[in-house]
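Reviewing the structure listed below.
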Amino acid sequence: MHRPSRVPVRRVATVAVVAVCLGYAPIAMTDVWPYAWSGAPAIGQWLLARTVSAHYVSDAFATRVGPYRHSLVPLLVHSVLGGLLMLLGPVQLLTAVRRRIRLHRATGVVFALTVYASMAGAAIYLARTKPADAFSGPAFWITLATILVGTVLSATFGILAVLTRFPDLHQRWLLLCYGYLMTAPLLRLEWTALPWVVPGLSLTQVNQLAIMHLGLVVCLGALLASRALDRRETVPGVHGSWAPWPVLAVAQLTGAGALAWIVRTYLPWGAGGHRLLLAYLLPLLAAYLVLLLRQRAAGRQGHGWAREEWRLHLVALCLSPAYSAGAALFLEHSLHLDRRTAFTAGLGIGGGMLAFAATAVVSLRVMYGRELRKRERLAATARPRPAASPAPAPAPALSVTHPREQTS
């Protein structure tokens, strides 16, 4: 009997991402059309009304008429180009994997310009919309603004990395950029799935649950993709660790203390607060276990570079609850938000921002390694060579005569 062939997890993940992107592209492109032209098709709302309920959709989008029409052109640019990015992303990934260099470079230029144009439309919309008038309130507005900044910065760092000949860092930053973009289709999936898991939720409540973990989830996916494409066991110039066990232990203790305070804050808020807390804690615990097990496995296999990258991201993940709690307090006092809204926003942006910081530290690690190797080469070439010792004088030639000649 022949055993069934095992399907690689990477291939399944790639097919799933491509399918989500291709399915979401027309939804994104037509999302804002009904606000510009009466009766225009909105594929996403049509599907949502038939998978959940028409009442669920009408209640959610009835309040969007005013804010969307106030910034209609920027939103049209953002949504149409956002759909185009959903198509360009798989093209970029597949051309990089298959080493179609010229096509990858050409589509990469289009991708970068599209990111900037689409995010410019989103920035104009956010600038013209008060946080209280945003979809699902100020916490959602703050999360959208953070994702926008992260998307633009990661795309910019990816461009700088390829211009300075760091292809591995270029790959990491662009995958992180696309991870931020993937929050849009994943949010739509939660619009459909969560009302079936927790009946009676409004779309506003679904949004609040989703922002508690979407940033963390997409950044973890970008990291898994980066590590799957990078099979190097070592990186030139990278020795030791910037995150030794004492640093990791301190980060874990700090994160545990912050989590205890976050749980204590959410528990008195009833069923709604408990749902928000679970939406944050469960993905955080899953991500922690993935990073912890991966860095241990890399250490056992002797893959020093993989272990270092996993560990740097693990430290950042452990510190994210402390960062989120601090951000919540800052937002509460600076923007005069109520504590529940401030904590929802702080926890929503913490995972994504710390993953961005971890990617920046990984980039510095690689750049420092190259600089270290360069200095070592310069030191080797500048080191004076020992003076050559004089060659020994040749020995005098010996004349050999035949015995008969000597007797004569």
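A short reminder: the numbers here are calculations on the coordinates, not readings from a lab. Every value quoted in this text rests on a predicted model; they were computed, and no experiment measured them. All Cβ positions, even for glycine, are placed from backbone atoms using ideal geometry, and neighbour counts span all protein chains on display.
For this structure, a couple of remarks:
- Over the residues of the chain, the helix contribution to mean residue ellipticity at 222 nm works out to -26500 deg cm²/dmol, using -39500 (n - 2.57) for each DSSP H run of at least 4.
- Spin-label pair A16/L267, simplified geometry with 7 Å Cα→Cβ offset, distance in nm: 3.4 nm
- Point-to-point label distance, Y288-L103, nm (Cα→Cβ direction, 7 Å offset): 4.4 nm
- Net dipole in debye of region 110-231 [+1 Lys, Arg Cβ; -1 Asp, Glu Cβ; about Cα centre; nearest 20]: 160 debye
- Axis angle, to the nearest 10 degrees, between helix 167-181 and the longest C-alpha principal axis of the chain: 10 degrees.
- For the chain, the Kirkwood hydrodynamic radius from C-alpha pairs, put into Stokes-Einstein at 25 °C and a viscosity of 0.890 mPa s, yields a diffusion coefficient of 102 µm² per second.
- Charge-dipole axis of region 1-116 as Lys and Arg at +1 and Asp and Glu at -1 on Cβ define it, positive-most pick from S53, V110, S79: V110
- For the chain, the Cβ-based charge dipole about the Cα centre amounts to some 1280 debye (Lys, Arg positive; Asp, Glu negative; other atoms uncharged).
- Once the Cα-Cα distance is subtracted from the 0.36 nm per residue extended length, the D133 to V198 segment shows a gain of 20.8 nm.
- The distance linking region 42-56 with region 115-159 is 25 Å (Cα centroid to Cα centroid, whole angstrom).
- Selected from I349, V198, L276, residue furthest toward positive end of dipole (the chain; charges at beta carbon): I349
- Gyration tensor (alpha-carbon) shape descriptor, region 2-121, a/c threshold 1.5: oblate
- Calculated from backbone phi, Karplus (6.51, -1.76, 1.60) coupling profile of region 43-54 in Hz, x at Gly/Pro: 4, x, 5, 5, 5, 5, 5, 8, 8, 10, 6, 5
- Residue among G237, G44, G270 with the largest mean-square fluctuation in a Gaussian network model of the chain, springs linking Cα atoms under 10 Å: G270
- Shape of region 243-324, Cα gyration tensor, a/c cut at 1.5: prolate
- Anisotropy class of region 96-164 from Cα gyration tensor, a/c 1.5 cut: prolate
- Once the C-beta distance of K374 and L153 is scaled by a Förster radius of 25 Å, the resulting FRET efficiency is 0.40 to the nearest 0.05.
- Exposed-loop-free span, longest in the chain, where trypsin sites (Lys or Arg not before Pro) count as exposed if DSSP calls them loop and at most 11 other C-beta atoms lie within 10 Å: 232-408
- If R0 is 30 Å, the Cβ-Cβ spacing of L113 and T381 corresponds to a FRET efficiency of close to 0.10.
- Between region 194-266 and region 337-368, the alpha-carbon center distance in angstrom: 9 Å
- Highest to lowest packing among 108-114, 194-200, scored as the average C-beta count within 10 Å: 108-114, 194-200
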